[in-house]
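Read the structure below first, then the notes.
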Amino acid sequence: PRYRPDWASLDARPLPAWFDQAKVGVFVHWGVFSVPAWGSEWFWWHWQGEHRADYERFMRLRYPPGATYTDFAPHFTAHDFQPREWAQLFQKAGARYVVLTTKHHEGFTNWGSPVSWNWNSLDTGPHQDLVGKLGEALRESNIRYGLYHSLLEWFNPLYLADKESGFKTQDFVLKKTMPELYDLVLKYKPDLIWSDGDWEAPESYWNSTSFLAWLYNDSPVKDTVVVNDRWCNNCSCHHGGYYNCADKYKPGTLPTHKWEMCSSIDKLSWGYRSNMNVAELMDEASIIKELVQTVSFGGNYLLNVGPTKEGVIVPIFQERLLALGRWLDTNGEAIYESKPWRVQTDNSTDMVWYTSKGPAVYAIFLIWPLDSVLELSAPTPSPATQVTMLGFAGTLKWQKSPSEGLLITLPYLPPPPLPVPPQAGWTVKLEGVK
């Protein structure tokens with residue numbers, strides 16, 4: 001059946017299965033905002049949209065009078081961009097998909113957009129097709145490719161004129177937004193489109209439903225492509241493909257609709273900041289905790305890094321991604337292709353989280369119990385119950401706990417040589433429980 005350009009029809013499209021199975025992705029915020037590398041990727045807006053004093057002071061101290069945002073573009077060089085090295089890093093991090101900003105709200109496109117004259121990565125800055133090069137490298141590594149694209153552009157004169165008209169005119173959409181979306185799909189055949197910049201205008205302005213109907217009916221990726229929910233000012237959490245709802249969204253209960261949590265290693269920004277310090281970054285344990293909570297609630301986890309203007313993913317970000325990958329090497333069986341279980345967490349503690357796969361139930365515990373006995377109150381054991389621990393050979397002893405559930409005797413782990421930080425979570429696999 002063909003999809004109609006209305007939400008009732010589009011929302012009924014089944015989500016391609018690969019997305020729910022993937023669970024783990026890496027988000028990459030990269031653009032002209034990587035040049036000032038200060039504050040956040042909203043640099044231009046905070047500086048010239050809001051005239052924030054701290055941004056004006058930054059410009060005064062570091063750049064000549066009269067400097068404009070467009071002056072940054074030639075310094076967005078990507079001189080050290082090694083797409084294959086990125087792809088290998090993301091693979092080692094355990095990512096099954098990667099989402100790159102093709103265009104943020106600043107309007108600069110990371111490919112040679114035919115409708116973004118001189119404000120794109122072929123005409124200025126890198127003089128490279130960044131979207132295409134990363135795509136090739138990811139496909140070689142068998143990683144799915146997602147394209148982030150902002151519908152709006154803060155300072156585009158066409159957009160500002162449409163906004164002035166109360167979004168009764170659509171010059172910007174017809175001459176800029178839609179040509180770029182069609183171009184991205186036809187040129188790069190993405191597995192995912194991560195839409196953003198939707199919040200100021202209604203669907204009648206953006207023409208999102210017409211684009212999505214074409215995407216699902218006639219595009220080269222109609223059977224495999226996945227989209228999120230940011231397509232108009234009241235779409236989030238209601239319409240589209242899977243739901244993002246809001247940045248860093250955490251549901252308190254199990255959602256009925258497939259969703260994704262996007263989070264950033266740098267807690268204060270999505271783009272690279274040259275002045276970040278280690279206290280402002282997520283550590284390994286908090287990344288693992290977010291991942292486990294998200295997957296146990298049926299979500300996907302999209303973890304962001306911001307490369308430098310030269311195209312370097314700085315070592316501290318690499319270190320965090322590699323730590324996530326090492327954890328997934330051992331515990332990935334409880335994450336990839338898993339489904340939520342009948343309960344998500346044990347006795348309202350946020351230190352034990354459940355996932356399931358077929359008849360197997362996985363209990364992921366984030367703190368090692370002091371007496372090395374793990375108490376689980378949610379599962380009901382049977383005489384056939386068998387308990388193992390991922391990454392550890394052999395079965396574990398267990399007994400019924402006096403209340404209900406089971407007490408599991410964990411293996412003896414020799415203490416790590418100090419001062420190594422404690423590991424960030426372990427998984428027991430339960431077979432034959434209800």
Conditions (1) in contact (Cβ under 8 Å) with a residue 40 or more places away in the chain; (2) open to solvent by 70 Å² or more (accessible area, probe 1.4 Å); (3) under 21 Å from Ser264 (Cβ atoms): number failed by Gly39: (2)
Loosely packed, with under 13 Cβ neighbours inside 10 Å, closer than 14 Å to Lys434 by Cα and touching a residue at least 24 places away in the same chain (Cβ under 8 Å), is that true of Ala384? yes
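Mind listing just one residue for me: the one in the range 67-86 that is β-branched (Val, Ile, Thr) and not in a helix (DSSP H, G or I) and, of those, surrounded by the fewest Cβ atoms within 10 Å (Cβ to Cβ)?
Filtering the range 67-86 for residues β-branched (Val, Ile, Thr) gives 68, 70, 77.
From what is left, the residues that are not in a helix (DSSP H, G or I) are 68, 77.
Working: Thr68: 11, Thr77: 17.
Out of the qualifying residues, it is Thr68.
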Could you check, for the range 314-332, whether at least one of its residues is in a loop (DSSP other than H, G, I, E, B) and either acidic (Asp, Glu) or in contact with a Phe, Trp or Tyr (Cβ under 9 Å, 6 or more places away or on another chain) (or both)? yes
Of all the residues that make up the range 368-394, how many are assigned to a strand (DSSP E or B) and either within 17 Å of Thr330 (Cβ to Cβ) or touching a helix residue (DSSP H, G or I) at 6+ places or on another chain (Cβ under 8 Å) (or both)? 7
Where residues in the range 95-110 are under 14 Å from the mean Cα position of the chain (by Cα) and open to solvent by less than 10 Å² (accessible area, probe 1.4 Å), which of them is farthest from Arg320 (Cα to Cα)? Thr101
Is one or more of the residues making up the range 345-365 touching a helix residue (DSSP H, G or I) at 6+ places or on another chain (Cβ under 7 Å), hydrophobic (A, V, I, L, M, F, W, C) and open to solvent by less than 20 Å² (accessible area, probe 1.4 Å)? yes
Report yes if Arg320 is in the same structural domain as Met261 (by the TED database), closer than 30 Å to Cys262 by Cβ and without any contact (Cβ under 8 Å) to a residue 40 or more places away in the chain, otherwise no. no
Output the number of residues of the range 344-366 satisfying the condition of being free of Cβ contacts under 8 Å to residues at least 60 places away in the same chain, in contact with a Ser or Thr (Cβ under 9 Å, 6 or more places away or on another chain) and farther than 15 Å from Lys429 by Cβ. 4
Working carefully through the options Pro220, Pro315, find the one that is open to solvent by 20 Å² or more (accessible area, probe 1.4 Å), under 25 Å from Thr177 (Cα atoms) and of a type outside the set (A, V, I, L, M, F, W, C). Pro220
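The values are calculated or read from the model by the stated rules, or taken from the named source; none is laboratory data. Everything numeric here is computed off the predicted structure, so don't read it as measured data. In this analysis, Cβ positions are derived from the backbone assuming ideal geometry, glycine residues included, and neighbour counts consider all displayed protein chains. Protein only, heavy atoms only, side chains kept; ligands, DNA and RNA dropped before computing areas. Shrake-Rupley method; radii C 1.70, N 1.55, O 1.52, S 1.80 Å.
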